[in-house]
1. Among the lysines, which have Cα under 17 Å from the Cα of LYS29 when same-chain residues fewer than 8 positions away are ignored?
2. Can you give the convex hull volume per residue for the Cα atoms of region 161-262, as a whole number of Å³?
3. Just rank HIS37, HIS63, fewest to most, by other beta-carbon atoms within 10 angstrom.
4. Can you run phi through the Karplus equation (6.51, -1.76, 1.60; θ = phi - 60°) for region 99-112 and list ³J(HN,Hα) in whole Hz, with x for Gly and Pro?
5. How long are the three semi-axes of the equivalent ellipsoid for region 94-198, computed from the Cα gyration tensor as the root of 5 times each eigenvalue, in whole Å, largest first?
6. Can you give the three extents of the C-alpha atoms in the chain along their principal axes, from longest to shortest, in whole Å?
7. Got the relative contact order for region 161-262 handy, in percent, Cα pairs under 8 Å and 6 or more residues apart?
8. Can you list the residues of region 284-324 with backbone N under 18 Å from a point 7 Å past the Cα of LEU102, pointing along Cα to Cβ?
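Rule-based calculations on the coordinates, nothing more; no lab input. This structure is a prediction, so every number in the text was calculated from the model and none was measured. Here the Cβ positions follow ideal geometry from the backbone for every residue, glycine too, while neighbour counts run over all protein chains shown.
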Amino acid sequence: MPTINVSPTTFEPFDLLALQQAKTNCNNKWIDVQTFHGKTNYLVDFHNKVRAVNSAINEAEFHLPDNALKIYMDLTFKVSSVNNFQEELAEASDEEDREYILKGIANLVSKATTKTRDYTVGLASRLQPLNASISRSALQLRLEACEGEALQVPEDIAKLQEKKAVLDGEFATLTSAINALDSTPLPETSKETTLNPATLAALGLTAPQLAAAQAALDLLQKALRELNAALNYLGLISLRDSLSQRINKVLEDIAKTRLEQAQINDRIRLIEAIQGFDDERTSFVNEFSTIVTSLNSFLAEAANIASDDVLGEQFVQNANALITYLKPIR
């Protein structure tokens, strides 16, 4: 049989500021999730889950003070009423009056626990959607994959830039050679004439111009089959045009790769935002659960001593303890 000690039940302390801050942090992380999901359209299922859980967190935090206030007010009234009955009981001499008062106390205690239970069930139900699991292991695998891609992209960009540097050098060589030939009295009809050391020497080029022209011819020689061109002035023009197109293609590839790099970075930031949200969700749930657990402890104790606490003494002690406990929330 339960013992009536007339000492209050103790409740596990909670940190209301931490709960409120966790909710604010969840909202901020949700904004980040929306931002980076909008940029990447990545991890749709995780995005939807965070949206649902964040909404549930705000609902839970919104209803907590209201429910706490209702419990607080009801218990305050019931405790005052039980105290009044206890004073009447102390002065009652008639057994019938005593029986009536005891029934009144029992009725008040029963109604108080019933109402507290109803509000506690309501708060507990708010916990269920908050516990929707976000697979941290799956997120970590995605994060590691993205981080691997992020490490590879700079290498890819560096290779493309090296390729462009080579093409830029060849383009500059061809431009110098063509400019040198344009500076000579090269007849229009001679532009299809095969160029070689002898024909170049006959044009009266300076030593630097001659070197540039010969270097350009060496490049053209390697590209003749690919260009379907001849070893002449027009072939040099054709090769320079081809190099210009290739340089533009490399520039497009660099731009595309940098966009991919930005996408990868945004994916990483999305994953980190989801992980951060889940950390804050856990903090919120811990504090909220502490409050619900304390309410359930009050109810469990009330059920445990109900048949023996005929004077409502234990109820008053426990209720006053819970009133004090809930006071910061209301």
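1. Qualifying lysines at Cα under 17 Å: LYS39, LYS49.
2. It is 97 Å³ per residue.
3. If I rank by nearby Cβ atoms, fewest first, I get HIS63, HIS37.
4. 5, 5, 5, 4, 5, x, 4, 4, 5, 5, 4, 4, 5, 5
5. Numbers: eigenvalues 1907, 43, 15 Å².
Taking √(5λ) for each Cα gyration eigenvalue gives 98, 15, 9 Å.
6. Principal axes ranked by extent give 141, 30, 26 Å for the Cα atoms.
7. 39 percent
8. Answer for this model: 305-316.
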